[in-house]
Every structure is written in C-alpha cells, then in structure tokens.
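Contents: one structure, followed by commentary.
The values are calculated or read from the model by the stated rules, or taken from the named source; none is laboratory data. None of the values given here were measured: they were computed from a predicted structure. Counting neighbours? That spans all protein chains shown, and the Cβs are built from the backbone with ideal geometry, glycine included. Ligands, DNA and RNA are excluded from the accessible area calculation, which covers all protein heavy atoms including side chains. Shrake-Rupley method; radii C 1.70, N 1.55, O 1.52, S 1.80 Å.
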Amino acid sequence: MDSPIVQKALDHVRQILSPPEKIQWALAGVGALYIGTKLLSYLSLILSSVVFVGHPLRKYGRVGTWAVVTGASDGLGKEYATQLAAKGFNLILVSRTQSKLDTLAVELKQKYSAKGLQIKTLAMDFAKNDNGDYERLREMLGGLEVAILINNVGQSHNMPVPFIQTPREELENIITVNCIGTLKVTQLVAPILKARKHGLILTMGSFGGWTPTPYLATYSGSKAFLQQWSNALASELADDHIDVYLVLSHLVTTSMSKIRRPSLLIPSARNFVKAALGKIGLGGYQTAPNTYTPWWSHSIMLWLIENVPGVNSPVVIWINKKMHIDIRARALRKRDREAKKQ
C-alpha cells in the first residue's frame, strides 16, 4: 500500500491535472480565442491575396494630378512611373542619371500621348545629400497638385558583407539614401498632401528590415528604421486623410537583387508594382500596422514566419545568416573568376 505521503502527493498531482470546471472552461476559452484569431488572420491573408482589391488610386487624385516617384529610372521605380502614367497621373521623376530620366520621359510621353501626360525630371544623387538638390525639387513642386508620393529610392550592399568589413562609403551611402533621402523628400511633399486633405505616401520596405538580416546589417537597419518611421507618420497624417503605407517585398527581379529570371517567389518588377498599386491598404493580417505585402507568395511567407517562429526568432535569424553567407561565398567566387579573365 502507498504511504500517506505518497498518496497525498498523488492527490496533489491529480488536482493539478484536473483543475476545477470553471478553470477548465476559462482555459478552453483562451485556447479557442487564440485559435480563432489565427484563423481570422489566415482568412484575411487568403482574401487579401486572391480576392480583395485595395483602395483605388482615384481616391487620391483625379486624372491630371501629379505623382512623385524617386529612384524612377530603373526597376521598381520605372514600373511605378509607367503604371501611374497609364492611370492618368502626371509625373515628377527623380533619379540619379539624367539620360535615363530623359529616355523614360520620352518613352512614356509617346506611349500615353492621348492622355496629355506631363513629366518633369530631376537628376539627383541622393548619396550626396545636397541641399541644393532638395531646393530644386521644392521649386519643381511649387503650384502642382501632387496626389501621390512613391518613396522608392534605395541602396543596398554590393554583396552580403560582415558589418565590420563594410566599406565606410557604402555604409554611409545606404543610410543617407534610404533614410535621410526618403525623409527629406517626404517633408517636401507631405505639406502639399496635407493642404489638399487627401493623398497617398507609399514607401518601399523590405523583408531585410522586417526581420534582422545578418551580413546585410546596415541595409537591414535602414529598412527597419523606415518601418517604424512610416508607422508613426501614418498616425500623424491620418487626421488629414492621407494614407501612409510601407510596402514589403522579398526578392524581385531588379538590378538591386541581381536576379533576372522571375519565379514563384520572385516576381518581375512589372507584376510586383501592379500588385502593389492594386492592393493598397490590404495588410490587416500583418503584425505591423499600415504595412502590406502585395505579392501573394511573399505574403504567405510573411504570415507563416510571423505566426510560427516569429520574425525575431533565433531560428529565422540563423536561416537568414546562413543564406547570406552562402550568397557572399558565391559572389566572391564569381568575382575571382572574372578577375582571372582580365
């Protein structure tokens, strides 16, 4: 027979394993609530990805109002400019190379001549942080009814690199272009939108800033900064009926990613921008407010990471680290091969 001490211990264990009925119901309610929120979040993900459409661009401006696009001469910026022109917006295109801006302006004016498209261009190297450039942009904006700002200008690392080996010029340029440039342009455009009492500001974010990314530490930090800044700005401007969103993307076929061939997880710039302009505001399933992930496979990846390991999980950071170490090794081997050919 069990001793009284053993019996008492067993009774205590049974009591723990079989709590009072009220506590059982309370625990069941908490569990049901947790599962219910996850199911609603998943349903929102699916509906946002394949069913719902976002805010129409006409909400922000009639035909003939202006859109400002930074980093406009290549990749995503060029696509934003092209698709906004197709929808009847006049354009202010800001990028580093005047010849590319001129070529794009001629191309778009010929393509959309029936719409009476107007285009202004400004060659501007954001890495120089020249106050004269921003003053010229201010003068260009004067008197225009600007409805949309696309903060697309950005710079990443030449290849994945340990932070302590990052060239100082590259480090400074990433912060100057991604952060300071975006903030200064927004300070010029936002007062125009505020005066109109409606408008749209889209800022390009990145999975690299959404979750910590070793070997892209400076770029990752710059995009994380934009995430927090954009969220705060959205709250500040909401009373003026200005929508502010951060657009999250994983890899896209652009010169920055150095990927040329689209795939299931890597859309073309054209398809990504089409989704970005068609899904404005559909990010309710995401952790960060005023943020959306327009490309369907990116949004599924994001949802899984947020709801299973978590964006700041050591596992996710380790996978990111391993992936970028591998990318760096391949890039170094390629550089060595090309050097031997010379």
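When the accessible area of the chain is computed with all protein chains present and a 1.4 Å probe, what percentage of it is carbon and sulfur?
Working: 10880 of 18320 Å².
Answer for the chain: carbon and sulfur cover 59 percent of the accessible area.
Explain nothing, just the number: dipole magnitude of the chain about its Cα centre with +1 on each Lys and Arg Cβ and -1 on each Asp and Glu Cβ, in debye rounded to the nearest 20.
1160 debye
Mind pulling the angle between the C-alpha long axis of helix 296-307 and the longest principal axis of the chain? Nearest 10 degrees, somewhere in 0 to 90.
That helix lies at roughly 40 degrees to the long axis.
Where the eigenvalues come from the Cα gyration tensor of the chain, what are the semi-axes √(5λ) of the equivalent ellipsoid, largest first, in whole Å? Provide the component values of the computation, followed by the final result.
Working: eigenvalues 397, 147, 65 Å².
Taking √(5λ) for each Cα gyration eigenvalue gives 45, 27, 18 Å.
Work out the length of the dipole vector of segment 80-224 about its Cα centre, built from +1 on the beta-carbon of each Lys and Arg and -1 on the beta-carbon of each Asp and Glu, and round it to the nearest 20 debye.
580 debye
May I ask you to derive the relative contact order of the chain, considering only C-alpha pairs under 8 Å and at least 6 residues apart, and to give it as an integer percent?
Values: 511 pairs, mean separation 59.7, N = 342.
With pairs under 8 Å counted, the relative contact order is 17 percent.
Say each of Arg270 and Lys59 gets a label point 7 Å from the Cα, pointing the same way as Cα to Cβ; how far apart are those two points in nm?
For the pair Arg270/Lys59, the computed spacing is 2.7 nm.
Hey, quick one: spin label on Ile317, modelled 7 Å out along Cα-Cβ, who in segment 212-229 has an amide N within reach, i.e. under 18 Å?
Under 18 Å, as judged by backbone N against the label point of Ile317, lie 212-225 of segment 212-229.
Longer than 24 Å from Cα to Cα, which of Lys100/Lys120; Lys87/Lys109; Lys258/Lys334; Lys115/Lys197 are they? Say none if no pair is.
Values: Lys100/Lys120 13 Å; Lys87/Lys109 13 Å; Lys258/Lys334 13 Å; Lys115/Lys197 26 Å.
Too far apart for the 24 Å limit: Lys115/Lys197.
Can you find, among Leu237, Met140, Ser156, the residue farthest towards the positive end of the dipole of segment 115-267? Put +1 on the C-beta of Lys and Arg, -1 on that of Asp and Glu.
Positive-most Cα among the choices belongs to Ser156.
Based on the mean of other Cβ atoms within 10 Å per residue, sort peptides 195-203, 263-271, 71-79, 140-148 so the most packed one is first.
On the way: 195-203: 19.6, 263-271: 15.7, 71-79: 24.2, 140-148: 17.3.
Highest-to-lowest ranking by the protection proxy: 71-79, 195-203, 140-148, 263-271.
Which order do the peptides 279-291, 37-49 take when ranked by the mean count of other beta-carbon atoms within 10 Å per residue, highest first? Before the final figure, lay out the partial values.
Values: 279-291: 19.4, 37-49: 15.4.
Put in order of decreasing packing, that is 279-291, 37-49.
How big is Rg to Rh over segment 159-229, alpha-carbon atoms, Rh as the Kirkwood inverse-mean-distance radius? Before the final figure, lay out the partial values.
Details: Rg = 14.5 Å, Rh = 13.3 Å.
Taking Rh as the inverse mean 1/r over Cα pairs, Rg/Rh reads 1.08.
Picking from Gly310, Ser299, His324, whose Cα lies most toward the positive end of the charge dipole for segment 290-342 (charges on Cβ: Lys, Arg +1; Asp, Glu -1)?
Going by the charge dipole, the pick is His324.
What translational diffusion coefficient, to the nearest whole µm²/s, does segment 216-278 have by Stokes-Einstein, given a Kirkwood radius computed over alpha-carbon pairs, a temperature of 4 °C and 1.567 mPa s viscosity?
95 µm²/s
So, for segment 55-334, what is the accessible surface per residue at a probe of 1.4 Å, expressed in square angstrom? Can you show the working numbers first?
Details: 12650 Å² over 280 residues.
Spelled out: the 1.4 Å probe surface of segment 55-334, per residue, equals 45 Å².
Can you spot the aspartates and glutamates whose alpha carbon is less than 16 Å from Lys38's alpha carbon? Ignore those fewer than 8 places along the same chain.
Straight-line reach from Lys38, under 16 Å: Glu306.
Could you pull out every residue, at least 5 positions away or on a different chain, whose amide H is within less than 5 Å of the one on Thr254? Hs are placed 1.01 Å off N in the peptide plane, and Pro or chain starts have none.
Under 5 Å from the amide H of Thr254 lie the amide H atoms of Ile259, each far enough along the sequence or on another chain.
If each of Arg260 and Thr37 carries a label point 7 Å out from its Cα toward its Cβ, how far apart are those two points in nm?
Label at Arg260, label at Thr37, 4.7 nm between them.
For the pair Thr287 and Gln165, how long in nm is the line joining their label points, each one 7 Å along Cα→Cβ?
3.0 nm
Considering the options Ser113, Gln227, Gly88, tell which one lies farthest towards the positive end of the dipole of segment 55-334, charges being +1 on Lys and Arg and -1 on Asp and Glu at the Cβ, about the Cα centre.
Ser113
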